[in-house]
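Here, each number is a calculation from the coordinates, and none is a lab measurement. It should be emphasised that the depicted structure is a prediction, and the values quoted were computed from it without experimental measurement. Don't worry about glycine lacking a Cβ; one is built from the backbone with ideal geometry, like all the others, and counts go over all protein chains shown.
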Amino acid sequence: MLPKFLVLWTFLLNWASCAVILNSHLLTRDIGPTAPLSLSSSSASSDDDKHPPNPPTTSIIDILSSTPEFSKFIVSLQRSGLIDTVNNLENVTLLAPLNQAFGDNADYVRITKDDLFQFIVDEPLLSSQIVGVQILRTLYNGASPFLKKLPLPILCDNRDGLFMIENANVVETDLIAGTSNSVVYGLDTIIEEKQSICEILSRPYEEIPHDKDVKVFTSLMSHNDFCVRNQFTNLTVLLPLDSALSFNDIEMDYLYTDLGEDDRLKLVSNYLISVVWW
C-alpha cells in the first residue's frame, strides 16, 4: 500500500518510456519478454457473429485490401513501399488507422518503417485477452536515446464497454490473419506521438494532466534541465503531491544549486522505479 498522498493517474511517455503514477494502490507488472500467443479457433468463436472467421490463408494485406475502411491506410503502405514489410510480419497485432483517422483532405500519408512499427504490438492479441488497463510493447525499439533497443510501450484500456489504445478508440477488433498468426484492429484516429517524462514535467504547470498539486516535484525535476541531464528513462514515476514535499524557500533554493544537486537526485530517486510497471 502506497502513502495516502498518492492518487490514481497513469500515462505512458515516449523516449523516456515512463509511466507516471499517482496511486493509492499500485498494480505491478514488468513489461519484460512474453511468449507469442497462438490464436486458436476456439478463442475467436465468441465474436464470430461480428466477425466471421477468416480463411486460414488470409494475410494482413488481404484484410486491409478487402475492408473499404482501410483503403487510405493500404494506399499509404503502397506509396511508402511497406507492403512487403507488412507481408513479412508474423505473430503481431496491427493497429491500423481507419479512413476517418486521415481526415477529409488526405487520401494517404507517407510513413517510414519506424512509424509503422509504432502501430504494431509484438504479439497477437484478441480483444478478449486485453482486460482492463494493460501496457504492451510495440515492434519499434527506439523508445529511448539512452538505452539501445528499448521497445516503445503502448497503453491499452478496455473497460466498461469502451476500448481505447492510447488516444484512439478501437472500432474494429479481432480481424484474424491466419497465414501470419496475427490480428488487425481498426482505430478511429492516429495514435499521438508520446512526449518524454522530461518534456511533460517541463511544460507549464497548468498544462500537466493532474487533479492535485504537484508543483514541487515537477519543479525539482525540470529546473536547470535536471531531468534531461540525468537521462531519466524506462521508469515508473510515483508523483508526490505538494503536501508530501513541504520545503521552504531556502530549502528549495539550496536544492536548485550545484551544491544541492546530489541531494536533489537522492530526493527524486525515492519516487522513481527503474522499470515501467502498471
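Measure off 7 Å from each Cα along the Cα-to-Cβ vector at Val131 and Asp104, then give the distance between these two points in nanometres to one decimal.
Each label point lies 7 Å from its Cα, and together they span 4.3 nm.
Could you pull out every one of the aspartates and glutamates with an alpha carbon less than 20 Å from that of Lys149, ignoring same-chain neighbours closer than 8 positions?
Asp30, Glu90, Asp114, Asp115, Asp122, Glu123, Glu193
Can you bin the range 41-187 into rounded, prolate or oblate? Criterion: square roots of the alpha carbon gyration tensor eigenvalues sorted a ≥ b ≥ c, rounded for a/c under 1.5, prolate for a/b above b/c, oblate for the rest.
rounded
What are the aspartates and glutamates whose alpha-carbon lies under 18 Å from the alpha-carbon of Lys215, with same-chain residues fewer than 8 places away excluded?
Of all the aspartates and glutamates, those that pass the test against Lys215 - Cα under 18 Å, at least 8 places apart if same chain - are Glu199, Glu206, Glu207, Asp225, Asp242, Asp249, Glu251, Asp253.
Can you say what percent of the DSSP beta bridges in the range 61-193, counting only those with both residues inside, are antiparallel? Round to 5.
Restricted to the range 61-193, the bridges split so that about 75 percent are antiparallel.
Quick check: residue separation of Glu199 and Ser269 times 0.36 nm, minus the Cα distance between them. What number comes out in nm?
23.4 nm
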